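Written out below as C-alpha cells is the structure these notes cover.
Rule-based calculations on the coordinates, nothing more; no lab input. None of these values were measured; they are calculated from a predicted model. For neighbour counting, all protein chains shown are included, and Cβ atoms are generated from backbone atoms with ideal geometry for every residue, glycine included.
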C-alpha cells in the first residue's frame, strides 16, 4: 500500500482545476511499445522514414504497413488501471464542480476507451484518418481491411489516406495546443505522468503550470529532466500509483465532510 503526503492529498481534494499530461510510459504499461520496439522488425528504419510526410510520399506502402502493425498492437491491448483511475478522477472532479483536463502525447486512444472525455491529443491519434491532399476526414477502418498493402485513395480527390497523427516536421493542432496551455496556466495541480518531459512543446507545460503557481507532481518510475523541478515525485508506474492516489483522495474528502 502506497502512502502519500497529506499536503498532496489536500491539494488534490481542494483543487478546482487539475491538469494532467500523459506520455508513452502510460501506454507502455498496457503493452504498447514506445514508438517502436528497438529489437523488432522496424528497428532498422529511422523514425523519419516511418512518421513524416516525406517518408510517406517516398514509400507509402512501407509507412502504411508500419501503421497497420501499430494498429494491430493497439487493438490487442486494453487500458490499464492508470487509465481507468484518470477517467474516474475526471468524473469525480466534474461531480464536485471542478475540472480535470487530460492532455496526452499518446495516439492510441486508450484514455478514451477507459472513459476519459474531452482528451486533448497533442499528437493526434491513430484511429482517425484524412486525405493527405485535400485533408478531408475519412472513416476508414484498418481492422476491416487488414490485407491492404497500400494507402487507400480519397473518394473526393484521389489523394492517399493517412492516419491523423502529427508527423515529424508538422505543427501540433493549434486549438489543442492552445487549450493545453490554458489548462496549464489555470490549474491548481499539474500531474506529469509517464513522460520523459523531453519533447517540446508538451515538455514545457509542467513548468508553465508551476510558474503560474500550480503544485507540480511527477509520477514516473524513473527520474526525468523534470524530477528536480517537481514539488512531489511519486516514483512508481501510473497503474500502481494512480488508483491508490485517487482512493486516498476520496477517503480524505469523505472524512472532511463528516
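Testing the spin-label approximation: label points 7 Å from Cα along Cα→Cβ at residue 7 and residue 200. State their distance in nm.
Placing both labels 7 Å along Cα→Cβ, they lie 3.0 nm apart.
Between residue 134 and residue 45, what length comes free when the chain is fully extended (0.36 nm per residue of separation minus the Cα-Cα distance, one decimal in nm)?
Taking residue 134 through residue 45 to full extension adds about 29.2 nm, to one decimal.
How much of the DSSP beta bridge set in the chain is antiparallel, as a percent to the nearest 5?
Beta bridges within the chain, antiparallel portion: roughly 25 percent.
When DSSP beta bridges are limited to those with both residues in the range 119-249, what percentage is antiparallel, rounded to the nearest 5?
Around 45 percent antiparallel, to the nearest 5.
Got the relative contact order for the range 61-176 handy, in percent, Cα pairs under 8 Å and 6 or more residues apart?
RCO, the range 61-176: 26 percent.
Highest mean first, how do 101-107, 7-13 rank when packing is the count of other Cβ atoms within 10 Å averaged over residues?
Final packing ranking: 101-107, 7-13.
Considering every pair of different Cα atoms, what Kirkwood radius, in Å, is found for the chain?
Kirkwood hydrodynamic radius for the chain: 19.3 Å.
Using alpha carbons only, how many degrees (0 to 90, rounded to 10) separate the axis of helix 174-186 from the longest principal axis of the chain?
10 degrees
Relative contact order (percent) for the chain, with alpha-carbon contacts under 8 angstrom and 6 or more residues of separation?
25 percent
For the range 131-258, compute the orientation-averaged projected area of the C-alpha convex hull (one quarter of its surface), in nm².
Result: 12.1 nm².
Quick one: the Cα spread of the range 209-248 along its three principal axes, in angstroms, biggest first?
Projected onto its principal axes, the Cα set of the range 209-248 covers 28, 21, 10 Å.
Could you work out the relative contact order of the range 2-139, using alpha carbon pairs under 8 angstrom and six or more residues apart, expressed as a whole percent?
Once normalised by length, the contact order is 26 percent.
Helix 81-95 versus the longest principal axis of the chain: what angle, 0 to 90°, nearest 10, using Cα atoms?
It is inclined by approximately 60 degrees.
Quick check: pseudo-label points 7 Å beyond the Cα along Cα→Cβ at residue 229 and residue 28, how many nm apart are they?
My value for the distance between the label points is 2.1 nm.
If you count, for each residue, the other Cβ atoms within 10 Å and average over each peptide, how do 20-33, 168-181 line up from highest to lowest?
Packing order, densest peptide first, comes out as 20-33, 168-181.
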